[in-house]
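Asker: I am attaching a structure below and will ask some questions about it afterwards.
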Amino acid sequence: MTHTTFEPERREGSPAPEDLGEAATPVADFGDPHLYTSTDRYAMWAAMSAADRVAWTEPGSSPGGFWSVFSHKACSQVLAPQAPFTSEHGMMIGFDAEHSDSAGGRMLVVTDGDRHTQLRRVIGPFLSRSKAASLNRFIEAETRTLIGLMRDQPTVDVAATIGPRIPAAAVCEILGVPVSDRELLVNLTNHAFAGADTTFDEMTPSEAHAEILLYFDELIDERRKQPREDLISTLLQEESLTPDDVLMNCDNVLIGGNETTRHAVTGCFHAAADTPGFLPALAADPDLTGTAVDELIRWTSPAMHVLRVATDDVTVGGQKITRGSAVAAWLPAANRDLRMFDSPEEFDASRRPNRHLGFGVGTHHCLGAALARVELTILLRVLTETVTAVGLQEQPSWLCSNLVQGYRTLQATVDWRTSRSPSS
């Protein structure tokens, strides 16, 4: 793997050399997706976090350049509710004050203030704890079916067959997407977030996003004519939302409800293989499930970074960041910060406290967190009832992406119980 390094040079719009301080030390271009295709990334993140680095990346992977923060403290500061940062220019590397996301101020994930509150009020009930609970039976049936299909295969690529389908089933049910169209949307989502990964090369990410929007445009038209009790119909009833607003937020819910959770689902099998005592401990003490779910989110940290743009001059980790500058908070680095987590590289189903940032913090705390927790809780219950152990045929391979810390492949083997009883 080649790491991209450089000596920061002065370009128009870049911080002046005297403002860079320690950030002037040559570092990787943290927007380079190839940095994240091996577990070397953990050592890189650990070093940056331990040193409390606030690193500047010159224009390249992002047209205007961006700052990066890695420690739990710095990431929490940038994402705090009252911090002088906004999401409305965009939430991923590539956006900044001069290169704004066209969905800013309209799509839930890139809105702030009253508009954000309004969208959460409309969308929130469909992703709430009570809604997730009402989907329990549906999610469990889907999960048991998918796990059952593994019995006839000696080795299963969990990243391709199980990971994407459990969250896709739930979010499609919420949106009102027909069962017959789920595989189409799973495939489009794969391509939309694959970044530079060659596994998904049938179309570019922008082409995949365009296809997703086209699909929802047609489904929205159907719901105008025949409303149902689904999220799309509810969004259409909100007078303050334009048709484009409805379209963008359908895309947001699909991606947000599917893309990150799928890697936590896959990570559940990885954790079971990496920590052989995990499933037996859970079978012996089901009360561990809640802490195990939080540990899965921390250990997998599927959302790799979140971008914010400074709305005022601010100091983070001793580094001055000027108004209009973009800052990427690297959540997996924060979630393995040694000052917050003992032995962070280990999966510990009983870890307490566990103040991970896997769902974000503040007003942008993941709206689908409750749904993700239910999906993972059900998956763990089904696994402890049906499986005694998980093994790996080979080490997992990782997506070439700077946005999602995702599994490209996870070839797993499973030892099955002869009875559904965990105590058997």
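Asker: May I ask you to say which residue of T300, T275, T289, T311 is under 24 Å from H99 (Cβ atoms) and of a type in the set (S, T, N, Q)?
Answerer: T311
Asker: Buried (at least 22 other Cβ atoms within 10 Å of the Cβ) and under 20 Å from the mean Cα position of the chain (by Cα) - does that describe any residue in the stretch 316-326?
Answerer: Scanning the stretch 316-326, I find at least one residue that is buried (at least 22 other Cβ atoms within 10 Å of the Cβ) and under 20 Å from the mean Cα position of the chain (by Cα), so the answer is yes.
Yes or no, residue by residue, for (1) modelled with pLDDT of 95 or more; (2) more than 27 Å from D101 (Cβ to Cβ); (3) in a loop (DSSP other than H, G, I, E, B):
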| position | (1), (2), (3) |
| --- | --- |
| W45 | yes, no, no |
| S49 | yes, yes, no |
| D52 | yes, yes, yes |
| W56 | yes, no, no |
| S61 | no, no, yes |
| S68 | yes, no, no |
| C75 | yes, no, no |
| P81 | no, no, yes |
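Residue-wise test of (1) within 24 Å of F341 (Cα to Cα); (2) touching a residue at least 12 places away in the same chain (Cβ under 8 Å).
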{"site": "T260", "(1), (2)": "yes, yes"}
{"site": "A284", "(1), (2)": "no, yes"}
{"site": "D287", "(1), (2)": "yes, no"}
{"site": "G290", "(1), (2)": "yes, yes"}
{"site": "E295", "(1), (2)": "yes, yes"}
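Asker: So is P344 free of Cβ contacts under 8 Å to residues at least 60 places away in the same chain and surrounded by 14 or more Cβ atoms within 10 Å (Cβ to Cβ) or not?
Answerer: yes
Asker: Related question: Scan the stretch 204-225 for residues that are among the basic types (K, R) and surrounded by 17 or more Cβ atoms within 10 Å (Cβ to Cβ) and jot them down.
Answerer: The one that is among the basic types (K, R) and surrounded by 17 or more Cβ atoms within 10 Å (Cβ to Cβ): R223.
Asker: Still on this model: Return the residues of the stretch 289-314 that are over 14 Å from A369 (Cα atoms), crowded, with 20+ Cβ neighbours inside 10 Å and hydrophobic (A, V, I, L, M, F, W, C); say none if nothing qualifies.
Answerer: If the condition is that a residue be over 14 Å from A369 (Cα atoms), crowded, with 20+ Cβ neighbours inside 10 Å and hydrophobic (A, V, I, L, M, F, W, C), then A292, W299, M304, V306, L307, V309, A310 are the ones that fit.
Asker: From the list G104, G90, G31, exactly one residue is more than 16 Å from I321 (Cβ to Cβ), without any contact (Cβ under 8 Å) to a residue 60 or more places away in the chain and not hydroxyl-bearing (S, T, Y). Which is it?
Answerer: Just a single option satisfies the conditions, and that option is G104.
Asker: Right, next: Taking the conditions exactly as written (polar (S, T, N, Q), in contact (Cβ under 8 Å) with a residue 60 or more places away in the chain and in contact with a helix residue (DSSP H, G or I) (Cβ under 7 Å, 6 or more places away or on another chain)), does T155 satisfy them or not?
Answerer: Criteria not met by T155.
Asker: Can you name every one of the helices (runs of 4 or more DSSP H) wholly within the stretch 268-343 that holds 1 or more residues which are more than 25 Å from L79 (Cβ to Cβ)?
Answerer: Helices (runs of 4 or more DSSP H) meeting the threshold: 278-284, 289-300.
Asker: Any idea which of D342, D337, D348 is among the acidic types (D, E) and out of contact with any helix residue (DSSP H, G or I) (no Cβ under 7 Å at 6 or more places or on another chain)?
Answerer: Checking each option against the conditions leaves just D342.
Asker: Scan the stretch 164-187 residue by residue and report those that are modelled with pLDDT under 90 and closer than 19 Å to V246 by Cα.
Answerer: L185
Asker: Does at least one position in the stretch 354-371 carry a residue that is surrounded by 20 or more Cβ atoms within 10 Å (Cβ to Cβ), at pLDDT 95 or above and polar (S, T, N, Q)?
Answerer: No: the stretch 354-371 contains no residue that is surrounded by 20 or more Cβ atoms within 10 Å (Cβ to Cβ), at pLDDT 95 or above and polar (S, T, N, Q).
Asker: Counting only residues that are among the small types (G, A, S) and part of a helix (DSSP H, G or I), which one in the stretch 227-266 is farthest from G391 (Cα to Cα)?
Answerer: Applying the filter and picking the extreme gives S233.
Asker: What's the total number of residues in the stretch 107-124 that are in contact (Cβ under 8 Å) with a residue 24 or more places away in the chain, out of contact with any His (no Cβ under 9 Å at 6 or more places or on another chain), assigned to a helix (DSSP H, G or I) and not β-branched (V, I, T)?
Answerer: 4
Asker: Looking only at the stretch 406-424, count how many residues are in a loop (DSSP other than H, G, I, E, B), at pLDDT 95 or above and over 15 Å from A160 (Cβ atoms).
Answerer: Selection size over the stretch 406-424: 0.
The values are calculated or read from the model by the stated rules, or taken from the named source; none is laboratory data. If you're wondering where the values come from, they're calculated on a predicted model, not measured in any experiment. Here the Cβ is made from the backbone with ideal geometry for all residues, glycine too, and neighbour counts use every protein chain on show.
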